[in-house]
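As structure tokens, the structure follows; a few thoughts come after it.
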Amino acid sequence: MKRYINIALIVGILLFLYSFVNFSLNQLWDWISTMSLVLGILISGIAIYYRIQLRQKKLNMRFIKYGANAILSALIVLGIIVLLAFISNRHYTRKDLTVAGLFSLAEQTKSILNDLNKEVQIFAFYKKSDELMAKDLLDEYVYRSKFVKYEFVDPNEKPQIARRYNVTNYNTLVVESGIKRETVSEFNESNMTNAIIKVTRELDKVIYFIQGHGERNIEGDQPQDYKQAVEGIKSENYLVKPINLGQERKIPADCAVLVTASPQVDFFPFELDSIQKYIENSGKFLAMIDPQTNTNLISFLSQYKIKMVDNIVVDASGVGQLFGMGPEIPLVSNYEDHEIFKDFSIMTFYPRSRSVEETTEGLDGFTTRVLIKTTANSWGESDYSQRQVEFNADKDLQGPVPLAVVSSKLISGSKKAQVLVIGDSDFAMNAYIRNSGNYDLFLNIVNWLAEEEDMITIRPKEIDDRRVNLTQKDSKIVFYLSVIALPLVVVIAGVVVYLKRR
């Protein structure tokens, strides 16, 4: 008799639970859920009634004795669980165990968050079913900074908030700090961090690119253009403007960095005069000059103790071949001890570059320093007209070959004039800038010249999303199987064993 009552009780409980599982999966209370619920309650009720009748016959003082001990033990365990939950809620750590580092923030993001000193509010406009797409990464931002807060908003449930922020599409985020606001349409770490930079930085500095001498097109999409480099500068919260010195005649006072990328023809004397006056007034000048160009800018740079050598750098180490590159594309993996290369260990490469050397002759007060050098297995090839190149000790420059030199002079107080010259402009063009560490190197150089050293870092990279995308129904099936079904099977098995032993 007792065995049949126990079986009936288990069947009733299972029917009761199934009614709610069926409703949750289908989002519909159908006749199956109704029948399961009614039968579950009915069968369980009858079984419980007969269990009580049988139990009352065997009730004795043992229940009081052992029941009190069980209750006390349960209270102690419950207290420990509550205490552990309280502690873990306030003192916890996060560890990313994904192969692709899916939930690990880049060094730039960590640096920005560590330096935050003002509140940043993020509104994530997502459907409730899609919130997990953003929650993991947003949690990492909150974990890194107490100043970051976020809130999920369903535009259908709270249309007034969506209207306030002019949001019309799902999967849109709004980053707000004070009176500044940025909208992120494509959610990833790079866009989120750039938005935080824009709403928390006080001043937009201007980077000017010289035009009019055959320089790189800063708006073009062709492989040789500089559009991606310029977009990278803008993402660091700078303004980027072209400047034609033949028309302007004077470099604007708001110029944080003046850039020339691969000029092909001579500058007018008054243009060089404008650049010189700008440098003398604690200006920052970045010149990227390719091989086989011989403009008067080269002689102009010599007064700052920088010499452009007429050669092409050849890398015979064979490392480039591992990446599908030829010997005319030197790779650099070891960097000088300089602020530009803080925590920088990524390989960079320079397609068709020329060597840049320090000299002792030039204007008083300027001191030079080599920033980038190739490996010892490279040289500066002076006879680049030949197809087969080989090192000639009489004519060629033995490696390591310097590729970049900076010349600095203290003007007054902490103000410095700085001229940074790189013997290559290809490394930052659209075709190459996103490869390896070229993107980070270029932006770090700009940030250093603009005196924004806190922005010198390794930026977020696009990573493969290896998550399994489940539908809402699939998610619920996984939840009920892992969280409810498996523990329930263990409980039922325990009850059956207990009842059999009785």
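How much space per residue, in cubic angstrom, does the convex hull of the C-alpha atoms of the stretch 335-400 take up? Show your work: numbers first, answer last.
Details: hull volume 8.8 nm³, N = 66.
So the per-residue Cα hull volume is 134 Å³.
Kindly flag which residue pairs out of LYS149/LYS284; LYS342/LYS395; LYS118/LYS409; LYS158/LYS180; LYS284/LYS373 have an alpha-carbon separation exceeding 29 Å in this structure.
Details: LYS149/LYS284 38 Å; LYS342/LYS395 36 Å; LYS118/LYS409 35 Å; LYS158/LYS180 22 Å; LYS284/LYS373 22 Å.
With Cα atoms farther than 29 Å apart: LYS149/LYS284; LYS342/LYS395; LYS118/LYS409.
For the stretch 203-455, compute Rh as the Kirkwood radius over C-alpha pairs and then the Stokes-Einstein diffusion coefficient at 37 °C and 0.692 mPa s; write the answer in µm²/s, rounded to an integer.
Details: Rh = 18.3 Å.
Estimated diffusion coefficient is 179 µm²/s.
Find the relative contact order for the stretch 203-455 and round it to a whole percent, using C-alpha pairs within less than 8 Å whose residues are 6+ positions apart. Please report the intermediate quantities before stating the final value.
Values: 566 pairs, mean separation 57.4, N = 253.
This gives 23 percent for the stretch 203-455.
At a Förster radius of 30 Å, what calculated FRET efficiency corresponds to the Cβ-Cβ distance of ASN117 and ARG181, to the nearest 0.05?
Rounded to the nearest 0.05, the efficiency is 0.95.
Reachable lysines from LYS476, Cα under 21 Å, same-chain residues fewer than 8 places away excluded?
LYS127, LYS128, LYS135
What number do you get for the stretch 107-198 when its Cα radius of gyration is normalised by 2.2 N^0.38 Å, N = residues? Display every interim value, and only then the final one.
Values: Rg = 12.5 Å, N = 92, 2.2 N^0.38 = 12.3 Å.
Against the compact-globule rule of thumb, the ratio is 1.02.
Just so you know, all these numbers are worked out from the coordinates, no wet-lab data involved. What you are looking at is a predicted structure, and each value in this text was computed from that prediction instead of being measured. Quick reminder, even Gly has a Cβ in these numbers, built from the backbone with ideal geometry, and neighbours come from all protein chains shown.
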